[in-house]
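Inspection log for the structure reproduced underneath, given as structure tokens.
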Amino acid sequence: MDYQALADLLFPDVTDTPEALEERFPARQVPEGAVVTRMAPSPTGFVHLGNLVQGLTSERMAHQSGGVLFLRVEDTDAKREVPGAVEVLINTLKHYGICFDEGATMEGDKGIYGPYHQRQRASIYHVYAKKLVAQGQAYPCFCTEEELAAMRETQEANKENTGYYGKYAVWRDRSMEDIQAQLDAGNPWVLRFRSTGSIEHQFKFDDLVKGKLTITENDIDHVLLKSDSIPTYHFAHAVDDHLMRTTHVVRGDEWLPTLPFHIQLFQALGFKLPKYVHIGPLMKMDGTSKRKLSKRKDPELALTYYKAEGFPVAAVYEYIMTLLNSNFEDWRRANPDAPVDSFKFNPKKLNPAGSLFDYAKLVDVSKNVISRMSAEKVYSLLTEWAQEYDPDFGSKLAADPEFATRILAIGRGGKKPRKDLAVWKDAKEYMGFFYDGYLEKPDFGTAFDKAVIADVLNRFLASFDIGDDANTWFEKVKAITNEIGFTTDMKAYKADPSAFLGTVADVSTFIRLAVTGKTNSPDLYTVMQILGKDRTISRIQAAIAQLG
């Protein structure tokens, strides 16, 4: 077979050469050891937690090393493409702090290694397809769908491996005359790789996450170009990663079965193989067993879930870091105020088997992250969230920033800040009582006579002075306690409860309920200071009236 003649026959319009493409896409000028990596999603419209895990891994590896992170859109499968999916992906990842140095953007391609959409790179792939044919490493296949289906049925009936290989690769060594006849008849064809591998042979491979792997060679003649001349993912990613000078490929370990073919393909094309970082799946407990997070079963897989729930970006980011590197939590405890970017991420510390997603732990991380924020930062993020997901609450927050910020400052700062908020969705329940429209009528229960509670509230009003400091205020509460036959001595009460009508805690609860409508709230003295004299008095008077 004259392979060059076959290459010219199949690709008569391809005049560009691999050498010219090498010049067009030169080696990158990056520091020694710099990582050049990418995210290369299919535009399916669903952005999930796994994308963020991969994106964060890629971003940390690239930017910690002084390298480059780029976005390439792998849109060779037009059937799966969802309009607007690329924009959704870019905006979502940007929301979570993953920004690309080059690649596909909202405004178009940015960078000299484009186009960054694979369907726009068809002419580039054809250059290398022609090269493989000329080298005798690829050939046209004219099998119909019916013939391929019949072949698979035969293989399954014989309990053989399925695929296009060996005696089943019926177009592998056909003559030029047979090929010409098919072309003259206008029959469609795909371009297949001519594998030289054998499943009897194995070799060693070093993955940055999985470690040393034993790989079985590929013996399948996989499709390189589909009948519409658009490449498969396998062929396109090999060409693109070479020409875009990718040094590390970060992807899910579901791609491991195709790794033997990818290695073979890089070798046939004469490309240097990038280093591979195969990330294990995100798992969750389902009863007593683990399973992969599912798009169908688990709403927490979608990144839109975290935004709607009100998890701060910083909290999701930090939680993902705990999944990726087991030493992150120790580092954070030792460096509570350090920027997260200063943590030295190491891909070799990724769990080879995948990470266990723990919602309770995410909530705990989020509480810690929010507790470290300033009141001004919390106000800004909370208001932004509320204006989108709870407009009425958002409008109240926006109407008086100073008032809302004073509320959010309660218990903030110091070595042991309050951890009332885990998500922005919690905020309305936590602080809504400050706004009259959200104030609930107090439920004083039946443990104490209404007249006793009303007496406490009247006595409190008689002595109330908004100018009192916290100590003076509480001394007045204790005085009322003793005046009505309750006690401030909790030890004495525990020793003989029947000797007292109640305790100072009960008196405080009566006042708290009247002012906040809740039995639990932030520091009551501070609450009153923020509400001010008139609103505090008005609420207590309303409670007295309610008691009758």
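The values are calculated or read from the model by the stated rules, or taken from the named source; none is laboratory data. Not measured: the values here are computed from a predicted model. Heads up, the Cβs are rebuilt from the backbone with ideal geometry, glycines too, and the neighbour counts pull from every protein chain shown. What goes into the accessible areas is simple: the full protein's heavy atoms, side chains included, and nothing from ligands, DNA or RNA. Shrake-Rupley method; radii C 1.70, N 1.55, O 1.52, S 1.80 Å.
Please count how many residues of the stretch 293-308 are over 29 Å from L381 (Cα atoms) and either in contact with an Asp or Glu (Cβ under 9 Å, 6 or more places away or on another chain) or among the aromatic types (F, W, Y) (or both). Explain how you work it out, then say what you get.
Let us first name the residues in the stretch 293-308 that are over 29 Å from L381 (Cα atoms), namely 294, 296-297.
Still in the running and either in contact with an Asp or Glu (Cβ under 9 Å, 6 or more places away or on another chain) or among the aromatic types (F, W, Y) (or both): 297.
Here the count works out to 1.
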Of those in the stretch 314-328 that are of a type in the set (S, T, N, Q) and free of Cβ contacts under 8 Å to residues at least 40 places away in the same chain, the residue most open to solvent (accessible area, probe 1.4 Å) is S326
In the stretch 302-349, residues that are out of contact with any Lys or Arg (no Cβ under 9 Å at 6 or more places or on another chain), aromatic (F, W, Y) and closer than 15 Å to E59 by Cα total 1
Being of a type in the set (K, R) and loosely packed, with under 13 Cβ neighbours inside 10 Å narrows R333, R372 down to just R333
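Anything in the stretch 43-56 that is farther than 20 Å from L350 by Cβ and open to solvent by 50 Å² or more (accessible area, probe 1.4 Å)? List them, or say none.
Within the stretch 43-56, just F46 meets the criteria.
One line per residue, one yes/no per condition, for (1) out of contact with any Ser or Thr (no Cβ under 6 Å at 6 or more places or on another chain); (2) closer than 22 Å to N51 by Cβ; (3) free of Cβ contacts under 8 Å to residues at least 60 places away in the same chain:
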position: D228; (1), (2), (3): yes, no, yes
position: V239; (1), (2), (3): yes, no, no
position: L243; (1), (2), (3): yes, no, no
position: T247; (1), (2), (3): yes, yes, no
position: P257; (1), (2), (3): yes, yes, yes
position: K272; (1), (2), (3): yes, no, yes
position: G280; (1), (2), (3): yes, yes, no
position: R296; (1), (2), (3): yes, yes, yes
position: P299; (1), (2), (3): yes, yes, yes
The lone condition L191 fails out of (1) of a type outside the set (K, R); (2) part of a loop (DSSP other than H, G, I, E, B); (3) in contact (Cβ under 8 Å) with a residue 12 or more places away in the chain is (2)
Of the residues in the stretch 425-460, those that are within 27 Å of A404 (Cα to Cα), over 49 Å from the mean Cα position of the chain (by Cα) and open to solvent by 60 Å² or more (accessible area, probe 1.4 Å) number 0
Going through the stretch 211-249 in order, the residues found to be in a strand (DSSP E or B), open to solvent by less than 10 Å² (accessible area, probe 1.4 Å) and either closer than 21 Å to P41 by Cβ or of a type in the set (G, A, S) (or both) are P231, V249
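Looking only at the stretch 519-548, filter to residues that are outside any helix (DSSP H, G or I) and at pLDDT below 95; which one of those is surrounded by the fewest Cβ atoms within 10 Å (Cβ to Cβ)? Write out each step before concluding.
Of the stretch 519-548, the ones outside any helix (DSSP H, G or I) are 519-523, 532, 548.
Applying the additional criterion that residues be at pLDDT below 95 yields 519-523, 548.
Working: T519: 12, N520: 9, S521: 19, P522: 20, D523: 12, G548: 7.
Only one residue tops the list, namely G548.
I'm trying to understand the selection: among the residues of the stretch 399-424, which are part of a helix (DSSP H, G or I) and either within 28 Å of A479 (Cβ to Cβ) or open to solvent by 90 Å² or more (accessible area, probe 1.4 Å) (or both)?
Initial filter on the stretch 399-424 (part of a helix (DSSP H, G or I)): 399, 401-408, 424.
Result: E402, R406.
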Across the stretch 197-210, the tally of residues that are in a strand (DSSP E or B), in contact with a helix residue (DSSP H, G or I) (Cβ under 9 Å, 6 or more places away or on another chain) and open to solvent by 20 Å² or more (accessible area, probe 1.4 Å) stands at 2
Note on D392: of the conditions (1) over 25 Å from I537 (Cβ atoms); (2) over 33 Å from the mean Cα position of the chain (by Cα); (3) at pLDDT 95 or above, unmet is (2)
Of those in the stretch 250-302 that are acidic (D, E) and under 26 Å from L71 (Cα atoms), the residue surrounded by the fewest Cβ atoms within 10 Å (Cβ to Cβ) is E254
Over the stretch 241-270, the set of residues farther than 22 Å from T214 by Cβ and acidic (D, E) is D241
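Being β-branched (V, I, T) and over 17 Å from the mean Cα position of the chain (by Cα) is the filter here; which residues of the stretch 345-389 pass it? Break it down stepwise before answering.
Start the filter on the stretch 345-389 by keeping residues that are β-branched (V, I, T), which leaves 363, 365, 369-370, 378, 383.
Passing the criteria: I370, V378, T383.
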Restricted to the stretch 48-89 and to residues being out of contact with any strand residue (DSSP E or B) (no Cβ under 7 Å at 6 or more places or on another chain) and of a type in the set (A, V, I, L, M, F, W, C), the residue modelled with the highest pLDDT is L56
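Based on what the data block shows, is V35 modelled with pLDDT of 95 or more and in contact with a strand residue (DSSP E or B) (Cβ under 7 Å, 6 or more places away or on another chain)?
Details: modelled with pLDDT of 95 or more: yes; in contact with a strand residue (DSSP E or B) (Cβ under 7 Å, 6 or more places away or on another chain): yes.
Yes, satisfied.
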Scanning the stretch 171-196 for residues that are under 30 Å from P257 (Cα atoms) and open to solvent by 70 Å² or more (accessible area, probe 1.4 Å) gives D173, R174, P188, T196
Turns out the strands (runs of 3 or more DSSP E) fully within the stretch 52-168 with at least 1 residues that are touching a helix residue (DSSP H, G or I) at 6+ places or on another chain (Cβ under 8 Å) and closer than 21 Å to D228 by Cα are 138-141
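Scan the stretch 350-368 for residues that are in contact with a Lys or Arg (Cβ under 6 Å, 6 or more places away or on another chain) and either open to solvent by less than 30 Å² (accessible area, probe 1.4 Å) or not in a helix (DSSP H, G or I) (or both) and jot them down. Before the answer, list the steps.
Filtering the stretch 350-368 down to residues in contact with a Lys or Arg (Cβ under 6 Å, 6 or more places away or on another chain) leaves 352, 357, 367.
Residues satisfying the conditions are P352, F357.
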Among residues of the stretch 271-293 being within 14 Å of the chain's Cα centre (by Cα) and part of a loop (DSSP other than H, G, I, E, B), the residue nearest to A62 (Cα to Cα) is P281
Only one of D506, D489, D468, D496 is open to solvent by less than 60 Å² (accessible area, probe 1.4 Å), over 30 Å from G310 (Cα atoms) and without any contact (Cβ under 8 Å) to a residue 12 or more places away in the chain, namely D468
Among the residues of the stretch 181-211, the number that are over 37 Å from the mean Cα position of the chain (by Cα) and more than 20 Å from H126 (Cβ to Cβ) is 10
